[in-house]
Amino acid sequence: MQPSPPALRIIPRDQHPISRKNISPNALRVLYRLNEAGFGAYLVGGAVRDLLLGQSPKDYDVATDATPEQVKRLFRNCRLIGRRFRLAHVVYGAEIIEVATFRANDDDGSGDRAVENGRLVRDNVYGTIEHDAVRRDFTANALYYGVSDFAVRDYVGGYDDVMARTLRLIGEPAERYREDPVRMLRAVRLAAKLGFSIDSASAEPIPALAPLLAEASNARLFDEALKLFMAGHGARSFELLEHHGLLTDFLPDTAAALALDGSGLCRDLVMAALHGSDARVAEDKSVTPAFLFAALLWPAYAQDLQALLQQGHDMVVAEQRAADHVTLRQGSRIAIPRRFSLPMHEIWWMQSRFAVRQRKRVFRLMEHPRFRAAFDFLQLRASVVPELRAESDWWAQAQTLPPDQLAAQLPGKTPPAVNREAAPDEDKNKPRARRRRRRRPSAGTGE
Ligand code: ATP
Ligand code: MG
């Protein structure tokens, strides 16, 4: 089914709330310069949507009828990027205004489009503003604001949808999801972020089409995971993924582990982690992908670990295998970079070490660079498993004590952390042997 030809609705300045005061001066500069050179130029996408909602956009996209080369000639601070989609970036210090030429979906043969092995490797078929509007994903994302008349241009009914807080795919929903399965995740993410509801015709095909996520690139799915879970609305995103039947195909191990867990504690842990990181984002505190994925994949890791221990493997071997299994399986869907998966493993491995009260081991754990994250993770687990509270409280208290007082409470030899100042020579004589003996065996991840 072809979408009907778009009819233009112009919402004049006195009938919409977007004011230049709320727009980045650099974005305005780009619009004015393009207009002065005789080109059409509009703010489009998330920025217009957010401005209509009274929120401040995190970045600004401009759509124009100038080609990337023409844009480059107008701005000294412009660089062209991308091969598949050629774009102009106009750079003002830390702020980048992304300028894209109106794009068309249909290629009449005159445009620059190339397919290699079934994948679109170049897609620079330029079109009109109408073409550009209908190839966007949601109506709310297809509104254009220009500075020639300060009006909002709406070709797809997006203005009313924003006002009604509805996400509606442009065109035939199943067809648009097949074209790009990541749009299913974008629907959930934008609904969670904006508090919008997904129109029923746009929501209906999602559960049946969810397996198409397997075809999306795992690097793109990692980016989408960060936007879903680390932008302050992670708990809501997770609930909506479950509600729309996307969890099994997005986080297969997590979905399987939650289904196996009759107690519901695994889901409680995941939700507690997401609520915790949402609260941190709200307070402008940092959140790390390592901690977040440690929580999302903990249920799968813990179940794998139990199974390996029951098969008679020793703890350290079982921990490494479980971590490798889970990371490898999830990696086929979401490519978690090693700079996050390695600390995630360390957070997991340190959980079993918290049970040990031997003096040297306690101090060694506290000096570990990942101790803080691992302790936060223990607290997270204790928040849903009451039996862990005594352990978590013990470590909380241990961190408040001066080292000599803590050492005095613990069985075992005086740890190096305490006698380091008292006996520097001893440390100097033996550091290499000591470090080598204590290093963990390699994680078996290929290095
Ligand atoms: P956010 O506020 O989270 O950045 P956004 O809507 O701006 O949300 P972007 O990923 O920045 O999202 O995309 C910018 C615009 O590009 C969108 O508003 C939409 O018009 C278009 N777009 C992005 N991804 C797609 C897609 N997969 N299919 C069609 N159009 C898309
Ligand atoms: Mg955006």
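The values are calculated or read from the model by the stated rules, or taken from the named source; none is laboratory data. Here the structure is a predicted model, which means the values were calculated and not measured. Cβ sites come from the backbone with ideal geometry, for glycine too, and all protein chains shown count toward neighbours.
Checking 29, 76, 33 one by one, the residue that is among the charged types (D, E, K, R), surrounded by fewer than 20 Cβ atoms within 10 Å (Cβ to Cβ) and not in a helix (DSSP H, G or I) is 76 and no other.
Screening the range 198-241 for residues that are part of a loop (DSSP other than H, G, I, E, B) and among the hydrophobic types (A, V, I, L, M, F, W, C) and picking the one that is nearest to residue 182 (Cα to Cα) gives 216.
Quick check, is residue 189 under 18 Å from the mean Cα position of the chain (by Cα) and farther than 28 Å from residue 305 by Cα? Yes: the conditions hold for residue 189. Taken together, the residues in the range 171-183 that are among the aliphatic types (A, V, I, L, M) and more than 10 Å from ligand 1 (Cβ to nearest atom) amount to 1.
Against the list (1) at pLDDT 95 or above; (2) more than 16 Å from ligand 2 (Cβ to nearest atom); (3) of a type outside the set (A, V, I, L, M, F, W, C), the condition residue 111 fails is (1). Could you say whether any residue in the range 166-173 is within 16 Å of ligand 2 (Cβ to nearest atom) and outside any helix (DSSP H, G or I)? Taking every residue of the range 166-173 in turn, at least one turns out to be within 16 Å of ligand 2 (Cβ to nearest atom) and outside any helix (DSSP H, G or I). When residues in the range 348-376 are screened for being of a type outside the set (Lys, Arg) and not in a helix (DSSP H, G or I), 6 of them pass. The single residue among 54, 38 that is more than 15 Å from ligand 2 (Cβ to nearest atom), under 22 Å from residue 102 (Cα atoms), without any contact (Cβ under 8 Å) to a residue 60 or more places away in the chain and not in a helix (DSSP H, G or I) turns out to be 38. Taken over the range 132-165, the residue count meeting the criterion of being more than 26 Å from residue 249 (Cβ to Cβ) and in a helix (DSSP H, G or I) is 9.
Considering 173, 207, the condition of being modelled with pLDDT of 95 or more, crowded, with 19+ Cβ neighbours inside 10 Å, more than 30 Å from residue 32 (Cα to Cα) and not aliphatic (A, V, I, L, M) is satisfied by 173 alone. The combined condition, being in contact (Cβ under 8 Å) with a residue 60 or more places away in the chain, surrounded by 18 or more Cβ atoms within 10 Å (Cβ to Cβ) and assigned to a helix (DSSP H, G or I), is not fulfilled by residue 43. For the range 73-85, the criterion of being at pLDDT 95 or above, away from ligand 2 (no atom under 15 Å from the Cβ) and in contact with a Phe, Trp or Tyr (Cβ under 8 Å, 6 or more places away or on another chain) is met by at least one residue.
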